[in-house]
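The values are calculated or read from the model by the stated rules, or taken from the named source; none is laboratory data. On a predicted model such as this, the values are computed, not experimentally measured, just so you know. For neighbour counting, all protein chains shown are included, and Cβ atoms are generated from backbone atoms with ideal geometry for every residue, glycine included. What goes into the accessible areas is simple: the full protein's heavy atoms, side chains included, and nothing from ligands, DNA or RNA. Shrake-Rupley method; radii C 1.70, N 1.55, O 1.52, S 1.80 Å.
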Amino acid sequence: MKTLIAASLAALPMLASAGTTHAADMTYAEPAPAVQDNGPVGGVRIGYLDCQIGSGFGYVLGSAKTADCAFTSVVDGEPLDTYSGSIKKFGVDLGYTAKGRIIWAVFAPTAGYHKGSLGGLYGGATAEATVGAGVGANVLFGGTSGSIHLQPISVTGQLGLNIAATGTSMTLQPSI
């Protein structure tokens, strides 16, 4: 076994240099086309979801808070749709937060948006630290049929005294 490993390591420099000798013989070719990054799921950024998070206590094993959200299009900048729901955390969540706000970028396969299409269940994790004013990070994935996605990572701003490291779920329903 040691002999096989030693032989493999000895052959490594020869294999690495073999590619460089052929590279000198290459002729000029047209540059490759530029790659355009269209978001985390290969979609188009169509707007953002701005959520106001209700106040509440975090208990040793978690919390539940309300969420009132508005979807705003990047095209005209006007809110197009509203959602209500809840954010539930399971894990270490201690303290009280008076209010919070989460803003998510919204990506879709095409530039279109259909009313109510952000409704659904999202799941992931949250980490927060608050003393007076604080911040947190949320990593959530999900939604309806995978056709529209929230930016997987968002930043939370909130007021209160709290520390949390939890598994998190968020449910959104279109408001009537």
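Distance between the 7 Å Cα→Cβ label points at VAL92 and ALA133: 2.6 nm.
Charge dipole of segment 35-176 (Cα centre as origin; +1 on each Lys and Arg Cβ, -1 on each Asp and Glu Cβ, all else neutral): 280 debye, rounded to the nearest 20. Applying D = kT/(6 pi eta Rh) to segment 64-175, where Rh is the Kirkwood radius over alpha-carbon pairs, T corresponds to 10 °C and eta to 1.306 mPa s, the Stokes-Einstein value obtained is 109 µm²/s. Checking every one of the trypsin sites (Lys or Arg not before Pro) in segment 91-132 against DSSP loop status and a limit of 14 other Cβ atoms within 10 Å picks out LYS115. About its Cα centre, segment 43-107 has a charge dipole of approximately 320 debye under the convention of +1 per Lys or Arg Cβ and -1 per Asp or Glu Cβ, with nothing else charged. ILE103 exposes around 80 Å² of accessible area when a 1.4 Å probe is run over every protein chain in place. Evaluated over segment 51-176, the count of Lys pairs having alpha-carbon atoms less than 19 Å apart is 5 (only pairs 8 or more residues apart or interchain).
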